[in-house]
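Reviewing the structure listed below.
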Amino acid sequence: MGSQFNIRRWTSKHVAKWLKDEGFSEYVDLLCNKHRLDGIALLTLTEYDLRCPPLELKVLGDIKRLMVSIRKLQKQHKDILVEMGYASDECLAGTVAHASNSSQSRDCQCNGVEHSRDTSVSGGDLRVEQYQNGKYFKYQTRRLDPEFWKTALSSVYVFIVFGFTSIVMVVVHERVPDMQTYPPLPDIFLDSVPRIPWAFAMAEVCGVVLCTIWLLLLLLHKHRSILFRRMCSLMGTVFLLRCVTMFVTSLSVPGHHLQCSGKLYGDVWAKFQRALAIWSGFGMTLTGVHTCGDYMFSGHTVVITMLNFFVTEYTPRSWNFLHTLSWVLNLFGIFFILAAHEHYSIDVFIAFYITTRLFLYYHTLANTRAYQQSRRARIWFPMFSFFECNVNGPVPNEYSWPLSRPRLLKALIG
């Protein structure tokens, strides 16, 4: 009766006998007589089925004990579950994945609102019903909607933040403390390492190389829209925080080699032109932009570190050479910033810490979807919930051509 051959042929009577043998005689009428469970139906039964209509078992102990017996049965017949299109590992864990080639109903919480809608599911996509922390969550796995309109909004967001940053940099330049009154602050690294004049340019070269690598990966990544949206969201948020810190606190310049003096721009138009020059030159000395007063915290460190983390996160773990190169560029870029005496050590440390923590927190929430079970997370991180509510779990590192058919390349290759 326990063989794989027999379980396929189990009728409601066989299931009733199994229930009695396992000590669940009181549920024979409900499961076998009323709902006519046979062997295959019993094998695919989940805790979700037991708790929800039409069964709605009320005794928690019976639910748990019955699921233990069912999971033992599922473990004995894994190959039958796989053959029928069920993911056996998920069944054993208390979730059931239903293979579907038609439209499925999807219940989720998006932007703090619980709703249902029909979603067209391609072959290979799965609809998962999972029971966690006393609640049921239904979500579709392995389907990542690019949502280009959200990506466009994130681009507008980072565009506005960068423009606002440029304006704040002009304002703080006018408030930079006088070098005669406020000399450079003591700094162990800057006091111990002599200044290298060309180091800051090399730091920007490291950033340009990292940016080139990231843009190439972004172009070829299958889920480029989601990646670009996350980059804009994180970069904009960090630079918005940077605007607040450098506006609130004005530090003295870190070195006497910096030619900084306040009150350089008289009228509003001159300030706007200066802000536009900073914005269009990406705040880089390689493009002829020189700023003062924006020391808390280092924007160059933010950009280099963020690019490094995106490169290493969205490439396969086996790409060791690329990951090593990315980290080398990141660390050398930070060293060159300090060696140029363009920032205090605390500026670089705070920039690195804030950037890495925000990146890790963001991706931990996105990958685990923990915010869906926490109203507090959706209240404190509304923009994150808005951008990520339809991204189901980790983004796989898959690559494809940006166009459906690279005809030009095919023509060149022949």
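The values are calculated or read from the model by the stated rules, or taken from the named source; none is laboratory data. Since the model is a prediction, treat every value here as computed from it, not as a measurement. Note: ideal-geometry Cβ built from the backbone for every residue, glycine included; neighbour counts use all protein chains shown. The protein model used for the area step is the full one, side chains on, heavy atoms only, and it has no ligands, DNA or RNA in it. Shrake-Rupley method; radii C 1.70, N 1.55, O 1.52, S 1.80 Å.
Among 254-260, 169-175, sorting by the average number of other beta carbon atoms lying within 10 angstrom of each residue, highest first, gives 169-175, 254-260.
Around the Cα centre of region 148-389, unit charges on the Cβ atoms of Lys, Arg, Asp and Glu (plus for the first two, minus for the last two) sum to a dipole of about 1100 debye. Counting only Cα atoms, the size of region 267-318 along its three principal axes is 55, 21, 18 Å, in decreasing order. Toward the positive end of the charge dipole of region 148-389, with +1 on the Cβ of Lys and Arg and -1 on the Cβ of Asp and Glu, the farthest Cα among VAL170, ALA152, PRO254 is that of ALA152.
Most tightly packed first, judged by the mean number of other beta-carbon atoms within 10 Å of their residues, the peptides 225-233, 52-60 read 225-233, 52-60.
Amide H to amide H distances under 5 Å link TYR399 with LYS222, where only residues 5 or more positions off or on other chains count and H is placed in the peptide plane. Taking all protein chains into account, the per residue accessible area for region 7-84 stands at 55 Å² (1.4 Å probe). Each peptide among 343-351, 18-26, 381-389 gets the average number of other Cβ atoms lying within 10 Å of its residues, and from highest to lowest they stand as 343-351, 381-389, 18-26. In the context of the full set of protein chains, residues of region 202-275 present 47 Å² of accessible surface per residue (probe radius 1.4 Å, heavy atoms only). Computed over protein heavy atoms with a 1.4 Å probe, the carbon and sulfur contribution to the accessible area of region 7-84 reaches 50%.
How much net charge surrounds THR245 when only the other residues with a Cβ under 13 Å from the Cβ of THR245 are counted, with Lys and Arg +1 and Asp and Glu -1? Result for the neighbourhood of THR245: -1.
Separation of the alpha carbons by more than 19 angstrom is noted, of LYS17/LYS72; LYS13/LYS78; LYS13/LYS58; LYS34/LYS58; LYS13/LYS75, for LYS13/LYS78; LYS13/LYS58; LYS13/LYS75.
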